[in-house]
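**Q** Mind having a look at this structure? Questions to follow.
The values are calculated or read from the model by the stated rules, or taken from the named source; none is laboratory data. Remember, it's a predicted structure, so these values are computed and weren't measured experimentally. Please note: Cβ atoms are built from the backbone with ideal geometry, for glycine as well, and neighbour counts cover all protein chains shown. Only protein heavy atoms, including side chains, enter the accessible area calculation; ligands, DNA and RNA are left aside. Shrake-Rupley method; radii C 1.70, N 1.55, O 1.52, S 1.80 Å.
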Amino acid sequence: MSLDYQGRIASLRAIGGVDAVAIVPGTNMQYFTGLDVHMSERPIVALFTRDDLAVIIPRLEATKVTARPDLKAQVIEWTDEEGYQGAFAWALDTLGLRGKTLGVDGLTMRVTEWLVFSQIDPSLQVKPVERELVSIRAHKMPDEVDAMRRAIAISEAALKQLLTEIKPGMTEKAIASRLEALMTEGGGDGVAFDTLVQTGPNSASPHGSTTQRPLQPGEFLLIDYGCKVDGYPADITRTVCIGAPTAEMQTIYDTVLRANEAAKAAAKPGVPCAQVDRAARQVIEDAGYGQYFIHRTGHGLGLDTHEPVPQIAGNIEDPLEPGMVFTIEPGIYVPGLGGVRIEDNVLVTDTGVEILTSFPRSLTL
Ligand code: GLY
Ligand code: MN
Ligand code: MN
């Protein structure tokens with residue numbers, strides 16, 4: 001399925017209270033245009049008015065826009081010799097934006113771009129529209145969900161193969177590198193984030209790192225990973241034990257699994273995010289491990305692996321809405337012993353949720 005950029009641009013044009021929206025390179029640019037451009041010292045800005053799209057871009061990258069007739073974009077190119085001031089001024093004049101209101105994503109537009117706009121036209125007004133952008137991106141279109149389904153399928157097939165190959169003595173880095181190779185061979189477009197492989201006591205740190213520590217039998221092996229497809233990620237965590245776990249390890253695992261299941265059962269349209277977080281946390285607290293569940297239950301998932309909506313946390317009363325995709329990833333982290341996290345990716349449908357991830361959830365193989 002190809003990505004529907006005109007549909008996305010239509011929702012951008014529906015943002016009220018602005019005469020145009022300026023988008024700089026990053027995941028917003030990727031979302032609304034699919035242009036493969038990066039933030040650098042050479043500014044690039046896409047300006048969306050009600051009827052037009054103009055892209056201010058260095059000449060050396062201009063063909064990326066001309067190669068996309070579907071965007072119906074006017075290319076306003078500049079060269080290193082001329083500098084970019086003239087291109088910015090031309091854009092404001094051509095689009096009739098002097099004295100008007102420009103919507104910007106205050107989280108990504110730099111002072112660099114804003115200074116040029118405001119020096120050319122001190123009467124230009126700025127309005128932050130990041131909340132509107134986040135809200136548009138929180139409701140996934142079918143093409144986005146399809147890309148995530150493919151990323152998940154490739155990631156899960158890679159883990160299935162990896163688990164047939166893992167032996168005690170392999171280092172965390174060797175395991176991560178093999179998993180990444182398997183995802184690439186399976187058709188993934190690279191990793192969604194640094195693959196996290198943590199063994200034994202290392203797994204007790206939810207924001208730890210992948211080290212040269214060799215895996216030992218009978219300890220936790222936590223793998224948090226995912227590839228991208230068309231820019232969209234999988235974000236999956238499974239925890240296993242190669243060998244025989246202790247009774248305490250099995251209890252911790254079973255508790256996290258029940259928390260994961262309780263959160264999934266609680267999630268449906270209209271339910272406040274806090275209620276989903278509470279469902280997971282209650283299970284872990286009731287089992288006596290509450291002090292070891294030290295993060296939120298999940299986060300929004302999209303072009304950014306961590307998207308701000310929805311936030312499955314105890315203080316977020318906003319309801320889940322159809323089209324949202326998010327993670328459910330409770331964990332228990334016991335210093336010295338290790339940690340368990342079980343992370344699934346979830347789509348909110350009109351009537352409930354669909355669990356997009358299906359890799360088995362079992363401590364032992
Ligand atoms: N992989 C980062 C996370 O699960 O949030
Ligand atoms: Mn993850
Ligand atoms: Mn996650």
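**Q** What is the sum of charges, Lys and Arg at +1 and Asp and Glu at -1, for the other residues whose Cβ falls under 10 Å from the Cβ of residue 224?
**A** -2
**Q** Quick check: at a probe of 1.4 Å, how many percent of the accessible area of the range 10-154 sits on carbon and sulfur atoms?
**A** Summing carbon and sulfur atoms, their accessible area is 55 percent of the total for the range 10-154.
**Q** Once amide H atoms are built 1.01 Å from N in the peptide plane, which residues 5 or more positions from residue 76, or in another chain, come under 5 Å H to H?
**A** Answer set, sorted by chain and number: 55, 56, 57.
**Q** Check the straight Cα-Cα distances from residue 268 and name the aspartates and glutamates below 17 Å, setting aside those fewer than 8 residues away within the same chain.
**A** Output for residue 268: 277, 317, 318, 321, 329, 344, 350, 354.
**Q** Quick one: P(r) of the range 244-316 from all Cα-Cα pairs, 10 Å bins, percents rounded to integers, in order of increasing distance.
**A** Calculated P(r), rounded to whole percents: 20, 46, 26, 8, 0.
**Q** For the range 107-204, what's the relative contact order in percent, using C-alpha pairs closer than 8 Å and at least 6 residues apart?
**A** Dividing the mean separation by the residue count of the range 107-204 yields 22 percent.
**Q** Shifting gears a bit: Filter 140/173; 72/100; 173/228; 127/264 down to the pairs with a C-alpha to C-alpha distance above 27 Å, please.
**A** 140/173; 127/264
**Q** Moving to a separate point now. Can you list the residues, at least 5 places off or on another chain, whose amide H is less than 5 Å from the amide H of residue 227, using H built in the peptide plane?
**A** For residue 227, the qualifying residues are 155, 192, 234.
**Q** Rolling a 1.4 Å sphere over the protein heavy atoms, what is the accessible area per residue of the range 1-158, to the nearest Å²?
**A** 44
**Q** I need the peptides 43-49, 266-272 ranked by packing, meaning the mean over residues of other C-beta atoms within 10 angstrom, with the highest value on top.
**A** 43-49, 266-272
**Q** Moving on. Need one number: convex hull volume per residue for the range 66-136, Cα atoms only, in Å³.
**A** Dividing the Cα hull volume of the range 66-136 by its residues yields 119 Å³.
**Q** A further question follows. Convert each backbone phi in the range 69-86 into a coupling constant with the Karplus relation 6.51 cos²θ - 1.76 cosθ + 1.60 (shift: θ = phi - 60°), then list the ³J(HN,Hα) values in order as whole Hz, x for Gly and Pro.
**A** x, 4, 6, 6, 9, 8, 9, 10, 9, 9, 10, 4, 5, 7, x, 9, 3, x
**Q** Contour minus end-to-end for residue 194 and residue 173, with contour as 0.36 nm per residue of separation and end-to-end as the Cα-Cα distance?
**A** Full-extension gain reported as 6.5 nm.
**Q** Normalised by the number of residues in the chain, what is the relative contact order in percent for Cα pairs under 8 Å and 6+ residues apart?
**A** About 13 percent, as a whole number.
**Q** What percent does the relative contact order of the range 1-116 come to when contacts are Cα pairs within less than 8 Å and at least six residues apart?
**A** Computed value for the range 1-116: 27 percent relative contact order.
**Q** Take the alpha carbon gyration tensor of the range 19-139, find the square roots of its eigenvalues, order them as a ≥ b ≥ c, and report rounded if a/c is under 1.5; if not, report prolate when a/b exceeds b/c, else oblate.
**A** Rounded shape, in that the Cα axes give a/c under 1.5.
**Q** Please list 3J(HN,Hα) in residue order for the range 241-258, calculated via the Karplus relation 6.51 cos²θ - 1.76 cosθ + 1.60 where θ = phi - 60°; whole Hz, with x for glycine and proline.
**A** 10, 8, x, 9, x, 6, 4, 5, 4, 5, 5, 4, 4, 4, 5, 5, 5, 5
**Q** While we're on this one: What percentages make up the Cα-Cα pair-distance distribution of the range 325-365 when the bins are 10 Å wide from 0?
**A** Spelled out bin by bin, the range 325-365 gives 25, 42, 25, 8, 1 percent.
**Q** Could you calculate the FRET efficiency of residue 60 with residue 119 from 1/(1 + (r/R0)^6), where r is the beta carbon distance between them and R0 is 30 Å, rounded to 0.05?
**A** 0.80
**Q** Next question, about the same structure. In terms of the Cα gyration tensor, with a ≥ b ≥ c the square roots of its eigenvalues, is the range 93-178 rounded because a/c is under 1.5, prolate because a/b exceeds b/c, or oblate?
**A** Judged from the Cα gyration tensor, the range 93-178 comes out prolate (a/c at least 1.5, a/b above b/c).
**Q** Let a ≥ b ≥ c be the square roots of the eigenvalues of the Cα gyration tensor of the range 193-325; is it rounded (a/c under 1.5), or, if not, prolate (a/b larger than b/c) or oblate?
**A** Oblate is the answer for the range 193-325, as a/c is 1.5 or above yet b/c matches or exceeds a/b.
**Q** Report the normalised scattering of the chain as log10 I(q)/I(0) at q = 0.07, 0.09, 0.12, 0.15 Å⁻¹, calculated by the Debye formula with identical scatterers on the alpha carbons.
**A** -0.37, -0.58, -0.91, -1.18
**Q** Using only DSSP helix segments of four residues or longer, with each worth -39500 (n - 2.57), what per-residue ellipticity at 222 nm results for the chain after dividing by its residue count and rounding to 500?
**A** -10500 deg cm²/dmol
**Q** Right, something else. In bins 10 Å wide, starting from 0, what share of all Cα pairs of the range 1-48 does each bin hold, as a percent?
**A** Result returned by the calculation: 25, 53, 21, 1.
**Q** Then there is this: Give, as a single signed number, the net charge of other residues whose beta carbon lies under 9 Å from the beta carbon of residue 329, with Lys and Arg counted +1 and Asp and Glu -1.
**A** Overall, the nearby charge balance is -2.
**Q** Subtract the Cα-Cα distance of residue 72 and residue 285 from 0.36 nm times their separation in residues, and report this length gain in nm to one decimal.
**A** 71.2 nm
**Q** For the full complex of protein chains and a 1.4 angstrom probe, list 343, 77, 156 by accessible area with the highest value first.
**A** The ranking, largest first, comes out as 77, 156, 343.
**Q** Right, something else. If I stretch the segment between residue 79 and residue 244 completely, what's the gain in nm (0.36 nm per residue apart, minus their alpha carbon distance), one decimal?
**A** The span from residue 79 to residue 244 would gain 53.0 nm if fully extended.
**Q** Now for a different question. So if the hydrodynamic radius of the range 97-136 is defined as the Kirkwood radius over C-alpha pairs, what does Stokes-Einstein give as its diffusion coefficient at 37 °C and 0.692 mPa s, in µm² per second?
**A** Answer from the Stokes-Einstein relation: 310 µm²/s.
**Q** With the cut-off at 13 Å, report for the range 134-173 the share of all Cα pairs above it, as a whole percent.
**A** The calculated P(r) of the range 134-173 puts 67 percent of pairs beyond 13 Å.
**Q** Mark the label point 7 Å from the Cα of residue 14 along Cα→Cβ and return the residues of the range 118-136 whose backbone N is within less than 12 Å of it.
**A** From the range 118-136, the list is 136.
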